[in-house]
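Data first, discussion second: the structure below is written as structure tokens.
The values are calculated or read from the model by the stated rules, or taken from the named source; none is laboratory data. Just so it is clear, the model here is predicted, and its values are computed rather than measured. Glycine also receives a Cβ, built like all others from the backbone with ideal geometry; neighbour counts cover every protein chain displayed. Accessible surface areas use protein heavy atoms only, side chains included; no ligands, DNA or RNA. Shrake-Rupley method; radii C 1.70, N 1.55, O 1.52, S 1.80 Å.
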Amino acid sequence: MTAPGHHLLRGVRPLGGDPTDLLLRDGLIVEAGRGLAAAGARVIDGDGLVALPGLVDLHTHLREPGREDAETVETGTRAAALGGFTAVHAMANTEPVADTAGVVEQVWRLGREAGWTDVRPVGAVTVGLRGERLAELGTMADGAAAVRVFSDDGRCVGDPVLMRRALEYVKAFDGVIAQHPQDPRLTDGAQMHEGDVSAVLGLAGWPAVAEESIIARDVLLAEHVRSRLHLCHVSTAGSVEIIRWAKGRGIAVTAEVTPHHLLLTDEEVRSYDPVFKVNPPLRTADDVRALREALADGTIDVVATDHAPHAGEDKDCEWADAAEGMTGLETALSVVQATMLDTGLLDWAGIACRLSAAPARIGRVTGQGRPLAVGEPANVVLIDPAARRRVDPSAMATTGRNTPYRGRELPGAVVATFYRGHPTVCDGALATRREES
Amino acid sequence: MRHLLSAADLDRAGAVEVLDVAARMAATQQREIKKLPTLRGRTVVNLFFEDSTRTRISFEAAAKRLSADVINFTARGSSVSKGESLKDTALTLEAMGADAVVVRHSASGAPHRLATAGWIRGAVINAGDGTHEHPTQALLDAFTLRRHLVGEDASGADLAGQTVAIVGDVLHSRVARSNVLLLHTLGARVVLVAPPTLLPVGVGRWPCATSYDLDGVLAGDVAGPLDAVMMLRVQGERMNAAYFPSRREYSRRYGLDARRLRLLPPHAIVMHPGPMNRGLEISAEAADSPRSTIVEQVSNGVAVRMAVLFLLLSAASGPASGPATEIAKEIVP
Ligand SMILES: [Zn+2]
């Protein structure tokens with residue numbers, strides 16, 4: 001007879017190290033070591049599997065409220081669990097915008113009811129994402145959702161005075177402003193990365209400088225007011241240089257890169273297939289190289305998915321008319337394995353840092369991103385790094401069918417995800433939601 | 001060739017073949033009875049999401065002179081007015097049994113989507129997409145160049161040794177993109193002339209030279225003596241986005257006027273894809289001079305589009321028919 005909620009992970013390799021057993025009970029890791037007794041726990045054969053702390057996404061679009069045809073908290077967090085995540089940050093650009101305690105707490109509550117991962121709502125920096133006046137950041141921070149990350153993602157906080165004030169204001173409750181760095185004037189009507197490919201395709205260019213100039217401005221603002229700054233989806237080699245310089249000066253800046261910017265380039269746009277339309281746009285091979293190196297050396301702190309599901313009709317059209325964004329939760333770990341592990345740039349410990357510990361630290365998420373050690377919360381993902389799979393959008397849990405990896409073979413597979421000791425994914429398939437006890 | 005989406009779809013042999021067939025088509029247009037039975041029973045749809053009466057009429061005349069059934073389908077651009085989507089329109093055309101779809105769209109790449117998204121089976125001909133390409137315009141320009149610079153009886157010839165300047169708003173010009181690709185394929189030297197703001201970032205990788213100095217190019221100081229100069233339409237409103245300070249300054253620095261006309265070698269021709277902004281990129285004297293081929297370009301457009309329709313639709317009808325030029329000889333004695 002096995003006791004519910006008790007699992008013995010037999011022979012798993014924590015952070016890719018030597019095989020050991022982990023005993024999970026009552027939401028915690030209670031024992032670690034070789035040859036542990038099952039003691040009524042359900043035994044999971046972990047032979048050959050790598051164990052990492054549950055992944056934490058700093059940048060997820062769950063689309064609820066407002067665009068439930070594209071995604072809901074339920075479907076998005078199912079996708080997250082299948083991708084090995086135990087926490088996601090739900091971006092604020094919903095309809096209505098998550099710019100009040102009421103909306104962020106609605107999203108937070110939907111996440112708890114869904115029971116697949118922690119859902120940490122991100123609060124909007126400005127009312128309606130309009131970039132005119134601050135939203136009630138403190139009220140969102142003080143409420144049940146305990147918001148710590150604030151972002152107008154999808155839009156840049158363009159006004160330097162407003163950005164300065166936001167950076168200063170959130171210091172009172174240890175918040176962080178996550179900037180979507182995009183100079184709006186330099187990207188008016190922009191359709192893709194501005195360079196050799198845009199010149200041929202006749203698509204209006206999104207120049208790298210539009211990202212880099214905002215990043216340069218904002219790291220200087222963060223230095224001036226001694227605040228934390230987080231940079232969303234850094235996409236250019238020039239941005240990496242500026243962030244490296246800022247970190248060298250001791251500025252409290254952190255940065256994320258998306259899986260797709262680690263793998264894909266603007267060459268994909270030659271197909272004019274809107275599945276490759278994303279903001280910031282896919283860049284060049286030189287940018288991809290610089291981003292990988294920056295993630296390896298810590299200049300870029302985290303991988304965040306920028307999971308952006310869209311309804312079919314918003315992609316099944318001509319390029320200029322299509323929505324920007326790609327799904328990413330169910331492929332992120334595989335893309336990171338392909339681009340960072342299989343290339344020798346990071347080991348599993350490094351991946352655990354970039355996909356779990358660092359994002360949890362930036363988002364001030366308690367109980368996530370912790371070491372796989374006795375007494376720690378049992379947020380664990382088991383990965384088969386030897387598996388290979390062909391990406392099939394129709395087989396995904398997300399409502400969005402807009403994965404850029406359709407038909408592509410990717411390495412690695414999530415075999416199991418334990419969310420506070422509860423298996424949300426078993427044998428590579430969705431299991432059951434965690435019920436609040 | 002299944003579709004004609006970009007001038008890059010044509011290699012040298014393919015491009016010369018289009019020009020040769022077009023020459024035969026043009027010859028038939030001198031006859032009293034212009035109509036050929038070639039595409040009887042085939043359906044050509046002119047799908048125009050963007051107003052362009054001159055291009056639509058040109059394709060319509062081309063298809064009708066080959067006895068094809070022509071359906072004109074003028075749709076409201078979905079990106080502008082949220083009308084019927086490209087996909088739904090395509091599915092409608094597929095249901096009508098379109099053998100070829102001639103598409104004009106304000107969005108770059110829309111013809112690519114039509115050809116590759118699996119919505120329709122017919123051949124797709126790009127009649128101008130956004131700021132991307134306009135391959136039949138480049139073909140008619142090449143046809144015009146070959147007639148004037150190589151000769152009436154130029155069958156089999158390319159444009160090797162010819163030098164062509166393309167002047168104006170290259171950044172927003174689908175005509176420039178297609179011409180650079182096609183003229184390069186045909187062996188011509190191309191030099192683009194524009195203010196730096198109207199050349200795309202990345203133009204350095206194109207198979208052509210670039211210059212900011214129109215007088216120098218016309219005088220042969222930059223790319224050698226010119227054989228032709230092609231003036232691009234410039235929208236005066238571009239000055240509102242600071243591409244240039246004023247219409248007057250644009251015209252002064254990049255407009256083709258009587259003085260600049262005299263810098264050209266005597267044999268060089270003046271081209272313009274139309275519609276012209278007289279007084280902006282081209283003066284009346286230049287437009288109406290004996291060197292100007294602007295009116296002739298229009299009639300050549302019909303012959304070239306007949307050739308493209310013929311080659312695409314006869315290729316689609318199966319391998320039994322043999323080389324397309326042979327058929328062209330038969331039907332165009
Ligand atoms: Zn963003």
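Considering A:ARG406, A:ARG389, A:ARG401, which residue is of a type in the set (D, E, K, R), outside any loop (DSSP other than H, G, I, E, B), over 22 Å from A:LEU9 (Cα atoms) and touching a residue at least 40 places away in the same chain (Cβ under 8 Å)? The unique qualifying residue is A:ARG389. Reported count of residues in region A:139-160, each being of a type in the set (Val, Ile, Thr) and more than 16 Å from the ligand (Cβ to nearest atom), is 2.
Cβ-Cβ contacts under 7 Å between residues 6 or more apart (or on different chains), taken from a first residue in region A:168-184 that is within 14 Å of another protein chain (Cβ to nearest Cβ) to a second residue that is away from the ligand (no atom under 16 Å from the Cβ) and assigned to a loop (DSSP other than H, G, I, E, B), are absent.
Of these, B:VAL201, B:VAL180, B:VAL170, which one is within 12 Å of another protein chain (Cβ to nearest Cβ), modelled with pLDDT of 95 or more and surrounded by fewer than 24 Cβ atoms within 10 Å (Cβ to Cβ)?
Numbers: B:VAL180 fails: surrounded by fewer than 24 Cβ atoms within 10 Å (Cβ to Cβ); B:VAL170 fails: surrounded by fewer than 24 Cβ atoms within 10 Å (Cβ to Cβ).
Residue meeting the stated conditions: B:VAL201.
With a requirement of 3 or more residues that are touching a residue at least 24 places away in the same chain (Cβ under 8 Å) and touching a His at 6+ places or on another chain (Cβ under 7 Å), the strands (runs of 3 or more DSSP E) lying completely within region B:106-198 that satisfy it span B:123-129. Checked against the criteria, A:THR117 counts as away from chain B (no Cβ under 14 Å) and away from the ligand (no atom under 16 Å from the Cβ).
Of all the residues in region A:240-270, those that are free of Cβ contacts under 8 Å to residues at least 12 places away in the same chain and within 13 Å of the chain's Cα centre (by Cα) number 0. Within region B:270-288, the set of residues being buried (at least 16 other Cβ atoms within 10 Å of the Cβ) and more than 17 Å from the chain's Cα centre (by Cα) comprises B:ASN277, B:LEU280, B:GLU281, B:ILE282, B:SER283, B:ALA286, B:ALA287.
Within region A:339-361, residues that are within 20 Å of A:VAL88 (Cα to Cα) sit with their Cβ atoms under 8 Å from residues that are of a type in the set (S, T, N, Q) and outside any helix (DSSP H, G or I), at 6+ positions apart or across chains, in these pairs: A:SER356/A:GLN368; A:ALA358/A:THR254; A:ALA360/A:GLN368. In region A:261-297, of all residues being away from the ligand (no atom under 16 Å from the Cβ), more than 13 Å from chain B (Cβ to nearest Cβ) and outside any helix (DSSP H, G or I), the one that is least open to solvent (accessible area, probe 1.4 Å) corresponds to A:LEU264.
Scan region A:40-47 and tell me whether some residue there is in contact with a Phe, Trp or Tyr (Cβ under 8 Å, 6 or more places away or on another chain), away from the ligand (no atom under 16 Å from the Cβ) and either hydroxyl-bearing (Ser, Thr, Tyr) or within 20 Å of A:THR432 (Cα to Cα) (or both). No: region A:40-47 contains no residue that is in contact with a Phe, Trp or Tyr (Cβ under 8 Å, 6 or more places away or on another chain), away from the ligand (no atom under 16 Å from the Cβ) and either hydroxyl-bearing (Ser, Thr, Tyr) or within 20 Å of A:THR432 (Cα to Cα) (or both). Here A:LEU186 meets the list (1) open to solvent by 40 Å² or more (accessible area, probe 1.4 Å); (2) among the aliphatic types (A, V, I, L, M); (3) out of contact with any strand residue (DSSP E or B) (no Cβ under 9 Å at 6 or more places or on another chain); (4) within 16 Å of the ligand (Cβ to nearest atom) almost entirely, failing just condition (3).
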